[in-house]
Amino acid sequence: MSEICDEILKLADDELHRVANTLPEDATHSIAIFIETLRAYDYNCIVASTNDRIEFPDFYLIRMGWSLCSSYLFKKTDIQGIPVMESTKETRVDALYLLQNFGRIIMLRRAVDMVESGLLLVEKMEDTYVFKKTDLVDMQFIDKLSFPKLVELEKKISSVSFYNNWNIASPEDLLDVPNIRRNFVGLNKKNEFKNYLIEDIDSKMLPLIFPWNSGHGVMMGYNTTEEIDYHFLSKAHPLVLSWRTDAGIHPSTDFIKFDGGELTAIVLLITSLYLKHGQFAPLAAKKHPEISIPQSLTIWQPFEELKNIISDFTGMDISKISDILNAMTLKINDIMFLRNNTSIFMPLLIDMGNGYVVQPISSILTNPFQSIINLMEYRNPQIRHSISKPREDWMRTEIYSLFLGERYIRIEGNINLKDKGKIVTDIDGAIYDKMNGELAIIQIKWQDFFINDVRKLRSKAHNLCKGFDEWATRVEKWIKANGLQELSKNLRLGKGNTIKSLYLFGISRTVSQTGGYGYSTERQNIAISNMPMFVKSRFEIGPVDNVIQKLFNELKTTSQIIETIPYPFEFRISNFNFHFEDLHCTLKD
């Protein structure tokens with residue numbers, strides 16, 4: 001197996017050398033090709049028609065290849081402005097083919113990592129390498145599916161006032177919930193800009209569009225109005241808040257020169273501009289057929305002009321805006337980040353180093369906060385401590401919001417369990433049910449799994465699995481040595497609140513099925529879940545007797561059989577075929 005892996009890596013290295021040698025050395029020529037790769041990427045991500053759209057496996061390779069390709073094309077140039085060439089079908093095909101070539105190289109390297117990690121099997125048959133996934137890989141779907149399943153439940157609940165014995169509360173009602181004896185759950189998310197939504201927005205936008213002849217192709221031009229700008233702010237608002245939560249950037253996160261709330265405000269404004277630009281494009285295609293939409297999607301402008309637009313809209317100081325934009329913007333100095341990055345990455349902004357900034361609107365196809373975190377951590381690995389600091393309190397608050405009312409005691413803060421003055425372990429959260437004496441003790445983990453590096457993913461999964469096992473062992477050992485009464489004192493439950501039954505929960509933000517990465521928990525006294533699974537199970541159990549016990553049993557016994565339909569694909573490098581039997585797949589039903 002190792003010989004085959006070595007062969008594949010050698011082929012990948014040779015292919016990288018071959019492809020890199022086809023690229024121009026001249027910086028201006030390189031930047032022109034770089035811009036064309038962005039145009040082709042933006043077009044295929046945002047508005048490509050069904051007839052133009054590239055098949056998923058090929059486009060996956062294109063997206064994977066962008067970082068490595070850009071590390072060779074993105075060069076410092078002394079020219080003022082952006083070198084523009086007319087975008088044609090032929091130039092876009094060439095650009096996509098170039099990205100795909102780099103994506104194949106990344107794909108082979110990643111496949112070798114998966115083979116060496118036991119996630120893929122590989123067999124060589126004459127001139128073809130055949131890859132098949134192991135059974136472990138399908139377990140990863142369980143975590144991934146939990147997110148849309150929770151969204152589906154939230155949509156169902158948001159349209160009713162009563163569900164599964166819950167009274168559905170609006171956010172405005174939640175302040176009163178602890179004082180009401182009935183059972184409530186609040187799910188409706190408030191959109192501060194919802195009153196600015198325009199029902200027939202297209203009719204407002206169409207008259208503002210005009211063609212602009214750049215001298216190298218006819219491009220899209222348009223004016224805007226305040227009501228249109230606020231409409232797209234309203235569209236962007238819930239999307240950006242969801243991204244921020246998924247990425248784990250709390251409004252109070254301290255980035256020294258700015259905080260998470262200020263970062264979010266600017267991401268919100270940029271996202272609204274990209275959404276607006278993306279909606280103008282198909283309207284422009286209908287009104288002015290002479291406009292080249294593929295050439296018009298990727299935006300650029302003087303960097304100072306963008307800063308002034310943001311300052312005028314937000315009232316934020318220009319120096320603060322500069323600090324935030326510099327943190328989120330890809331720069332020439334980040335070339336090695338691009339060279340070593342194996343995850344799908346597209347920054348919100350690209351600083352060309354000559355006073356201009358390029359704005360690829362495809363950057364909002366995936367969570368831009370994740371790209372921002374990756375970029376910031378590359379420049380300063382210590383920044384992850386600032387990002388992690390508020391997360392435990394944040395997640396504990398979310399968990400506790402599922403157990404409101406007088407029935408429960410929710411222990412604030414982190415509790416240390418000590419033995420002879422030394423800390424044995426800690427408790428991140430605890431919920432006591434006064435009605436039946438049940439106690440839930442919770443360990444909280446919030447790890448970032450939004451990377452594509454197989455080795456790093458497995459390392460995070462191993463640490464998560466090991467961390468939960470060790471915590472459960474230490475808690476159980478401490479209780480055996482000190483007893484439940486001493487635990488009650490440590491938790492400050494108060495007189496008369498006797499612990500009759502105890503349940504341990506390990507709650508991860510995103511990943512709980514570590515078996516999908518080759519690691520399984522050993523302890524049976526802990527129920528492990530990601531956050532969407534925990535929330536969904538809590539809703540579905542409802543306000544019943546023995547809530548904590550039923551929640552524990554539900555999370556312990558829930559097992560899903562994931563049935564997939566393989567989506568085979570292959571490509572050729574040198575004289576060899578690489579056939580992936582089922583790495584890409586769709587879910588049955």
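Details
- The shape of region 347-458 comes out prolate: with a ≥ b ≥ c from the C-alpha gyration tensor, a/c is at least 1.5 and a/b beats b/c.
- Here C585, C465 are placed in order of increasing Cβ neighbour count within 10 Å, fewest first, which gives C585, C465.
- Placing unit charges on the Cβ atoms of the charged side chains and taking the dipole of the chain about its Cα centre, the candidate lying farthest along the positive direction among T298, N308, F255 is F255.
- When the pairs K149/K445; K144/K480; K76/K307; K10/K144 are compared against a 29 Å limit on Cα-Cα distance, K144/K480; K10/K144 fall above it.
- Cleavage-rule hits, GluC sites (Glu not before Pro), region 372-416, DSSP coil, Cβ neighbours within 10 Å at most 14: E406, E412
- Compared with the direct C-alpha span, the chain from E123 to S214 gains 27.5 nm at full extension, assuming 0.36 nm per residue.
- Calculated FRET efficiency for the pair E116/H462, C-beta based, R₀ 22 Å, to 0.05: 0.90
- Separation of the Q80 and E570 label points, Cα + 7 Å toward Cβ, nm: 5.5 nm
- Over the chain, dividing the summed -39,500 (n - 2.57) contributions of all DSSP H runs of at least 4 residues by the number of residues returns a 222 nm mean residue ellipticity of -15500 deg cm²/dmol.
- Partner lysines whose Cα lies under 29 Å from the Cα of K286, excluding those fewer than 8 positions away in the same chain, are identified as K89, K194, K204, K235, K276.
- Per-pair calculated FRET efficiency, R0 = 41 Å: E290 and R384 via Cβ, rounded to 0.05: 0.25
- Only Lys, Arg, Asp and Glu carry charge here, each on its Cβ (+1 for the first two, -1 for the last two); on that basis region 392-558 has a dipole of about 360 debye about its Cα centre.
- With bins 5 Å wide beginning at 0, the percent of Cα pairs of region 194-387 falling in each bin runs 1, 7, 15, 18, 20, 17, 11, 6, 3, 1, 0.
- Think of the chain as a dipole: +1 on every Lys or Arg Cβ, -1 on every Asp or Glu Cβ, centred on the Cα centre; then among I361, N374, F449, F449 lies furthest on the positive end.
- Once the Cα-Cα distance is subtracted from the 0.36 nm per residue extended length, the D426 to R455 segment shows a gain of 7.6 nm.
- Over 28 Å between alpha carbons, listed pairs K460/K556; K420/K466; K133/K389: K133/K389
- Taking every DSSP bridge with both residues inside the chain, close to 65 percent are antiparallel.
- Annotation note: trypsin sites (Lys or Arg not before Pro) in region 38-79 located in DSSP loop regions with a Cβ neighbour count of at most 16 within 10 Å are R53, K76.
- Taken as Cα centroids, region 333-393 and region 1-35 sit 23 Å apart, rounded to the nearest whole angstrom.
- Sequence-distant contacts, meaning Cα pairs under 8 Å at least 6 residues apart, place the relative contact order of the chain at 17 percent.
- Here the spin labels are modelled as points 7 Å beyond Cα on the Cα-Cβ line, and at D312 and K500 they lie 6.7 nm apart.
- Placing dummy labels 7 Å off each Cα toward the beta-carbon, the span from N164 to E152 is 1.3 nm.
- Distance cut-off 21 Å, percentage of C-alpha pairs in region 1-81 lying past it: 46 percent
- All-pairs Cα distance distribution in the chain, expressed in whole percent, bin size 10 Å: 3, 14, 23, 24, 19, 11, 4, 1, 0
- Applying both filters, DSSP loop and at most 15 other Cβ atoms within 10 Å, to the GluC sites (Glu not before Pro) of region 415-520 eliminates every site.
- Added length on full extension, which subtracts the Cα-Cα distance from 0.36 nm per residue, V544 to K194: 122.5 nm
- Calculated FRET efficiency for the pair R474/M336, C-beta based, R₀ 51 Å, to 0.05: 0.80
- Region 495-525 versus region 206-242: alpha-carbon centroid distance in Å: 48 Å
- Total charge dipole magnitude, region 460-558, about the Cα centre, Cβ charges on Lys, Arg, Asp, Glu only, Debye to nearest 20: 280 debye
No lab work stands behind these numbers, since they all come straight from the coordinates. Computed from a predicted structure; not experimentally measured. A quick note on method: Cβ atoms are made from the backbone with ideal geometry, for glycine too, and the neighbour counts reach across all protein chains shown.
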